[in-house]
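A short worksheet on the structure shown next.
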C-alpha cells in the first residue's frame, strides 16, 4: 500500500519523536485545519490521550475572535492551564505535517509563556 506525501511526512516526524521519547514526557500533537486548531497531550507508553483542547469547544467558540492566530493563542492557554492542573510541564512538541511557522509557532510560543517546556 502506497501512502501519500502528507501521511509519510506525519509518520516520519512522529516516529522520530517516539524514538527519543522518555517515559516521563508526553507528546503534544497538533491538528490544524483552515478554520480551527486542536491539540492533544498523549501518553505513548499507554496509548491514551491525557488532555485535549480545541477551538470548536463551546466556551471558546462563544468568544468573538477576529482571526485564527488569536484563536491559536486561546487554545494554547487553555491547554496549558489543563496541563498545569494535572502537573504536566515537560512535553515533546509533535508538529505533524505542518511547518513550524505561523499559527503553529504562535501556539508553541504561547505554551512556553505559560510554563510548558519542550
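Values quoted throughout were computed directly from the atomic coordinates according to the rules given, and no laboratory measurement underlies them. Keep in mind that what you see is a predicted model, and the values were worked out from it rather than measured. Neighbour counts run over all protein chains shown; Cβ positions are idealised from the backbone, glycine included.
Taking 0.36 nm per residue of separation and subtracting the Cα-Cα distance, full extension of the segment from residue 117 to residue 9 would add 36.4 nm.
Sorting 75, 20, 13 on the 10 Å Cβ count, fewest up front, what's the list?
Values: 75 25, 20 8, 13 15.
Starting with the residue having the fewest Cβ neighbours, the order is 20, 13, 75.
Of the residues 92, 26, the one with the fewest other Cβ atoms within 10 Å heads the list, and the complete ranking is 92, 26.
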